[in-house]
1. May I ask for the percentage of alpha-carbon pairs in the range B:166-274 that lie more than 16 Å from each other?
2. Given a Förster distance of 35 angstrom, what is the FRET efficiency for residue B:2 paired with residue B:149, based on the Cβ-Cβ distance and rounded to 0.05?
3. Determine which residues of the range B:28-55 fall in the zone a paramagnetic label at residue B:210 would reach in this model, i.e. backbone nitrogen under 11 Å from the point 7 Å along Cα→Cβ.
4. For a quick protection proxy, order the peptides A:267-278, B:188-199, A:195-206 by their average other-Cβ count within 10 Å, most packed first.
5. Given the protein assembly as shown reduced to its alpha-carbon atoms as identical point scatterers, what log10 I(q)/I(0) does the Debye formula return at q = 0.05, 0.06, 0.08 Å⁻¹?
6. Averaged across A:125-134, how many Cβ atoms of other chains sit within 10 Å of each residue's Cβ atom?
7. If you take the square roots of the eigenvalues of the alpha-carbon gyration tensor of the range B:1-105 and sort them as a ≥ b ≥ c, do you get rounded (a/c under 1.5), prolate (a/b over b/c) or oblate?
8. I need the peptides B:112-120, A:178-186, A:10-18 ranked by packing, meaning the mean over residues of other C-beta atoms within 10 angstrom, with the highest value on top.
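Read-outs throughout are calculated quantities, based only on the coordinates presented, and are distinct from any laboratory measurement. Note that the structure is predicted; figures quoted are calculated from it, not measured. Counting neighbours? That spans all protein chains shown, and the Cβs are built from the backbone with ideal geometry, glycine included.
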């Protein structure tokens, strides 16, 4: 047991060092600065995918994360541009707002299961896009543009986060912020999964009626999990809007919602860190295939179909099953 | 008012056909076919190619659409859905596969037909005008009539033919159907082909009115999901009811809400949420559990 713990701590340390030191170092050495944008996007998308993974954990197929990411992006953008609130305060507000919307919508739709829930969440993504087009506060199809970079965050005169527009390299700053967000998000996920709440979720994933019959308050539980999931989506979306400095109704569309779901599948639904790996592989795969021009989508989809035919339990299942095999 | 009802019926007839194919595939295989909209688009492009470019009579172009999609559907079932359903115990993996197929079909459409909006010449000219109370072009009326006739033909096929009976048995209970001597593998393939064929037929019919382009697939799938949720998944009468209800709501919404901007679908969705809170399985769906 202690050996396993030691190995885990070692893996975590290696991960943190490579994310916060090794990768910036390598980029600084190679001078390939555009790489930061890719990695920042991966980190943020994996935060949103983590939310989707959490709803999978209670046995619901969630294709509505794009909706909550869009809501989060708009809330943050409106607060920053119209109310003049600091981005760092708008970020949690965006998450909380997405969570509140999730509670309101979740109360009726979480009664649905399986394909029904998948369908309604997919429709939700489209509806939020339409709402963003129609509502006056979101500025319609023109979107909200030229959002200022995050300002400094200080408590009692101590500067915690410097003003991004004053930093010589905002790309690096965004990279660190996104990675910190990702680490915090996955730490929270790990904590949830390995807690009493996580066990209740597993009982719900296996059989809702049975869980209900032994006294699990599933109606409450599923709304809470859906709200946490949407919180992640909202925060990820808000951060994305801040990096792009603009939000449009088409910033997050059905395709993105499906991508979030695919990230979770590809990484493996049985592993907390599955969505992170899935996002990395899918995003990089898509970027690498860009060289192929118009055959990009064709090859991407063929590879996707092959993966599901060959590895129905996700990429992480390969590694873990091999370790288990070696032990036996 | 009469105009709104006529528009609603016209929209409803085509929507019902799209929903029929989706719900048939869902009932038989328990698969949510994300690629349904893309199949519809392919149907439209095939009819465009034959009728618009090669100038073959419309009816034959329509048949070519049906045949193409039926073959495509059969192949997809045979080589992709069939193996995955047999090997995995979770329904999620078929959804991933369906999403992958939707991407694949999008890529194929892009490569074969290009990304341009395509239209074909009208099949009949002239406009029906009843005292300025109902105004509707003749080709729309014709398409509407063909759609309704196809729905009737489909229902009678499902009710009175041997294949239809086998498909209904399969939808009710796979194991029981197999025990009664239904060749499950073969009829799954036929069912999928039939569902895809319906998508192709609607695509071929509508290309004469709205034209067709690459981006139509996703929104069409979403509308089909809406209809299926209204009527209840996996039930044929539900799909038809859902299609006509959505068509009617859209027509009324466009007429009544147009001064507030494009909020028809927003209103429909909110109404749907309230409805699903009361009746999660839709109008005619079976409760699960």
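1. 70
2. 0.95
3. Answer for this model: B:41.
4. Most protected by this proxy first, the peptides run B:188-199, A:267-278, A:195-206.
5. One equal scatterer on each Cα of the protein assembly as shown leads to -0.23, -0.34, -0.60.
6. Mean inter-chain Cβ contacts per residue within 10 Å come to 5.
7. Oblate is the answer for the range B:1-105, as a/c is 1.5 or above yet b/c matches or exceeds a/b.
8. A:178-186, B:112-120, A:10-18
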